[in-house]
Amino acid sequence: MTLNPTELTELVTAAQTWADEDPDAATAAELRALLAQLSTPGAAATAAAAELADRFAGELEFGTAGLRAALGAGPRRMNRVVVRRTAAGIASFLQDSAGDKYTPSAVIGYDARHNSRAFALETAAVFSAAGIETFLLPCTLPTPVLAYAVRALDTDAGVMVTASHNPAADNGYKVYLGGRTVKGPGKGAQIVAPYDAEIAARIDYTVPLENIDTAPEGWTDVSESIVADYISAVDRLVARDRYPERDLKIVLTSLHGVGGETMLSVLRDAGFRKVVPVAAQAKPDPDFPTVAFPNPEEPGALDLALETAVEHNADLVIANDPDADRVAVAAKDPANGEWRMLRGDEVGALLGRHLSRRIASGHWKVRGEKTKAGVVYANSIVSSRLLARVADAAGFAHMETLTGFKWISRVPHLTFGYEEALGYCVAPGMVRDKDGISAGLLLAEMAAALKAKGRTLFDELDDLAVQHGLHLTDQLSVRVDNLDLLGEMMARLRATPPEAFGGSAVDTAVDLSQGSEDLPPTDGLKYLTRDNTRVIIRPSGTEPKLKCYLEVIVPVSSAEDLPAARRQGRARLDSVLDDVRAALGL
């Protein structure tokens, strides 16, 4: 990278000023090392200039996902300076919202990633100095515990320091609003517009860092009983009176994250005694040494868990992502004897059906009453349409939302919600967000009940296919180095819309950026064909990817027709994938 003398001088000044202000000696030294490389000849100086230019090319954007970026020094990385300024912006928003009516409050949690505790302490110190009544969770804990604490402590805000399932080099900052700040179904949920913009407007990088006050140890440490309270609340979800015996051998992995101990406690308290943790992944480790990418959806992430399942002749694998707000399950398919992970859409339909039975039998409380009146299921627009059919068969209402639990959690009277990316909300009155621990428990309950009847999760999927048609889904993700390419691909699709997918003509094309009565505007395109194939294409909100979601529905008249239906559906999906690639110019 070549910078002119003026640009280089400005960059050096910005980096030196940052290093001088930085309260973290490690990131300050990191910047000074890059500055020192500028005076070395050749490629080292060029590389250092490019790295510094990237770190100081603007500021890390605060949005509906809060913050998420690689760790390091500079305004476009996650570090204590960025966290301090962000915390000051959140504190200003909370104080402005409260006015002179009340003293605002916040609870802070953190996972075991690099610098998570340091960022949590930085946030607590800023909040305390700003007059926010601040609570700090007692140790590294899953994101659902923080989301639970926002509602249990009735705080006006919550902050979770985590990068969820991102690579080890990243960290992040997730913000919830509750208490007196937000009313209605969004209470205790992740922020959405306009709150994100209002907070972002208060994050000021022009103010000297020393002008942001901190009050070390000015907060209240939350008792560890909050964890016990969460575990008890989750365990109350299972129907102990119906299924007193838990004859199920479970292999459990937390993928080096913070969910293992809590998930294990929940399972054991609910009567699941045969739980085998994946030893190499049981303890939190911010480097995630046994997985290339700590996301259960990624190829290879569950290899150790599946090996352990075969070794112990297990019935079920439960895998949480590192902050345990997502859950994956795997089981042995009786059709071929092979272990496989269920897709998020399959799990969403299974949980929807399981809860509908619990509600119908009176073993599930809905808004405080043992009745199905007012039951609402919801899923994101990119998730399968099968849940809508499950809801309709049970006499429940169903809603589609934009992608992300910040939208799903705001559905009025929500009873169950999910998104295909392994996120499930089974108890919105407890946690107004996706929760991989409570969902994992209900999946274990379901598998145990089926085993007692000589059935499996795959038998349930077969039943759903016969009743509602075989719903098959797939995805295509196109990663780019230049974010401008995402806009170019979307513009190409809008200018030259596809006429057919998989040999079926497009009947309906919807530009989601226009919004509708049911959905606010979002950048995306939805196509429905004459044979009911659906294709949705949208830029990712958190990664440099274009994401394409495909679904075909094959009618099934009987269980005997399922093998042929699956072959037909897979062939249709493959044909649709080819057409999507062609439409994108790949």
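The values are calculated or read from the model by the stated rules, or taken from the named source; none is laboratory data. Computed from a predicted structure; not experimentally measured. Don't worry about glycine lacking a Cβ; one is built from the backbone with ideal geometry, like all the others, and counts go over all protein chains shown. The protein model used for the area step is the full one, side chains on, heavy atoms only, and it has no ligands, DNA or RNA in it. Shrake-Rupley method; radii C 1.70, N 1.55, O 1.52, S 1.80 Å.
Remarks
- Rg in Å to one decimal, and Dmax rounded to a whole Å, for region 167-245 via C-alpha atoms: 19.5, 62
- The residues of region 28-147 expose, per residue, 32 Å² of accessible area to a 1.4 Å probe.
- Measuring r between the beta carbons of ASP213 and ARG455 and using R0 = 56 Å, the FRET efficiency lands at 0.40.
- Toward the positive end of the charge dipole of the chain, with +1 on the Cβ of Lys and Arg and -1 on the Cβ of Asp and Glu, the farthest Cα among VAL161, LEU38, LEU248 is that of LEU248.
- For region 368-466, the Kirkwood radius over C-alpha pairs fed into Stokes-Einstein at 25 °C and 0.890 mPa s yields D = 172 µm² per second.
- In Å, descending, principal axis extents of the Cα set of the chain: 73, 57, 50
- Extension gain, ARG567-GLN475: 0.36 nm per intervening residue step, less the Cα-Cα distance, totals 31.4 nm.
- Loop-located trypsin sites (Lys or Arg not before Pro) in region 334-428 (DSSP state not H, G, I, E or B) with no more than 14 neighbouring Cβ atoms inside 10 Å: ARG367, LYS370.
- Once the Cβ-Cβ distance of ALA505 and SER558 is raised to the sixth power relative to R0 = 30 Å, the FRET efficiency obtained is 0.55.
- Simple point charges give the picture: +1 on the Cβ of Lys and Arg, -1 on the Cβ of Asp and Glu, and for the chain a dipole about the Cα centre of about 1740 debye.
- Surface composition of region 412-518: carbon plus sulfur atoms hold 47% of the accessible area, using a 1.4 angstrom probe and ignoring ligands, DNA and RNA.
- Partner lysines whose Cα lies under 25 Å from the Cα of LYS547, excluding those fewer than 8 positions away in the same chain, are identified as LYS174, LYS406, LYS434, LYS526.
- Formal net charge of residues neighbouring LEU94 (Cβ-Cβ distance under 11 Å; K, R +1; D, E -1): -2
- In the chain, the longest principal axis of the Cα atoms and the axis of helix 436-452 are about 20 degrees apart.
- Each Cα pair of region 278-371 feeds into the Kirkwood radius, which the Stokes-Einstein equation turns, at 4 °C and 1.567 mPa s, into a diffusion coefficient of 85 µm²/s.
- Spatial offset of region 83-103 relative to region 554-586 amounts to 52 Å, using the alpha carbon center of each.
- Taking only the C-alpha atoms of region 1-81, Rg followed by Dmax gives 12.8, 43 Å.
- Size descriptors for region 123-181 (Cα atoms only): Rg and Dmax, in that order, 12.1, 36 Å.
- Loop-resident GluC sites (Glu not before Pro) (DSSP state other than H, G, I, E or B) in region 1-69 with no more than 16 further Cβ atoms inside 10 Å of their Cβ: GLU59, GLU61.
- Cα-only Debye scattering, region 466-518: base-10 log of I(q)/I(0) at q = 0.18 Å⁻¹: -0.96
- With contacts taken as Cα pairs under 8 Å at a separation of at least 6 residues, region 111-261 carries a relative contact order of 30 percent.
- Region 290-326 and region 201-230: distance between their alpha carbon centers, rounded to Å: 34 Å
- Cα gyration tensor shape for region 418-479, rounded if a/c is under 1.5, else prolate or oblate: oblate
- Gained length - ASP204 relative to SER225, 0.36 nm times residue gap less alpha-carbon distance: 3.9 nm
- Fraction of accessible area attributable to carbon and sulfur, region 144-259 (%, probe 1.4 Å): 47 percent
- Between LEU8 and ASP484, the contour length at 0.36 nm per residue exceeds the alpha carbon distance by 168.8 nm.
- Dipole magnitude of region 118-193, debye to nearest 20 (Cβ charges: Lys/Arg +1, Asp/Glu -1, about Cα centre): 280 debye
- 1.4 Å probe accessible area per residue over region 271-379, in Å²: 43 Å²
- Pairwise FRET efficiency - ARG273 versus ARG236, Cβ, R0 = 25 Å, nearest 0.05: 0.85
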